[in-house]
Amino acid sequence: MTAVEVVISGLSARAESISSKLASSAIERGNVVIRSQLSPEYPLNDHLVWLWGFLKHERRFIKTLQEEGGTIVCKCKVPKGTVRILPNAAEMLHLLNIELLLELK
């Protein structure tokens, strides 16, 4: 079972306005959270590609948030075993300068 989310933190005073710009996001503990909408049975790479498809249109906005001191992390809960991240998913992490955190369950 895989769960993947992108968390934007460090800008809690602007969380409402950030969330309104990023459809399907939620505010949790002052952070803006965007979760993959894919079923947990999909592999990690598919979740990352889904999120990239969602976020790639907001690259300038995300870069601005980082320049303003925001931190963006991609948190992933994945089953123990081999973790595969292909170039089509790594593109998001690289182009958006997002840290990847893996939690093996």
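Determine if the range 28-36 includes at least one residue that is hydroxyl-bearing (Ser, Thr, Tyr) and either over 20 Å from residue 87 (Cα atoms) or crowded, with 20+ Cβ neighbours inside 10 Å (or both). Write out each step before concluding.
Start the filter on the range 28-36 by keeping residues that are hydroxyl-bearing (Ser, Thr, Tyr), which leaves 36.
Narrowing further to those that are either over 20 Å from residue 87 (Cα atoms) or crowded, with 20+ Cβ neighbours inside 10 Å (or both): 36.
So far as the range 28-36 goes, yes, one or more of its residues are hydroxyl-bearing (Ser, Thr, Tyr) and either over 20 Å from residue 87 (Cα atoms) or crowded, with 20+ Cβ neighbours inside 10 Å (or both).
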Within the range 71-82, the residues that are exposed (fewer than 12 other Cβ atoms within 10 Å of the Cβ) and either in contact (Cβ under 8 Å) with a residue 24 or more places away in the chain or part of a strand (DSSP E or B) (or both) are 80
Note on residue 81: of the conditions (1) under 17 Å from residue 25 (Cα atoms); (2) at pLDDT below 95; (3) not acidic (Asp, Glu), unmet is (1)
The one condition residue 4 fails out of (1) surrounded by 13 or more Cβ atoms within 10 Å (Cβ to Cβ); (2) without any contact (Cβ under 8 Å) to a residue 24 or more places away in the chain; (3) in contact with a helix residue (DSSP H, G or I) (Cβ under 9 Å, 6 or more places away or on another chain); (4) not aromatic (Phe, Trp, Tyr) is (2)
query: Looking at the range 48-70, is at least one residue modelled with pLDDT under 95 and in a loop (DSSP other than H, G, I, E, B)?
result: no
Taking the range 47-67 and keeping only residues that are free of Cβ contacts under 8 Å to residues at least 12 places away in the same chain and under 21 Å from residue 2 (Cβ atoms), one is left with 53
Of (1) farther than 22 Å from residue 14 by Cβ; (2) in contact (Cβ under 8 Å) with a residue 12 or more places away in the chain; (3) of a type outside the set (A, V, I, L, M), residue 94 satisfies every one except (2)
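The values are calculated or read from the model by the stated rules, or taken from the named source; none is laboratory data. The shown structure was predicted, so the numbers you read here are calculated from the model rather than taken from an experiment. Reconstructed Cβ throughout: ideal geometry from the backbone, glycine too, with neighbour counts over all protein chains shown.
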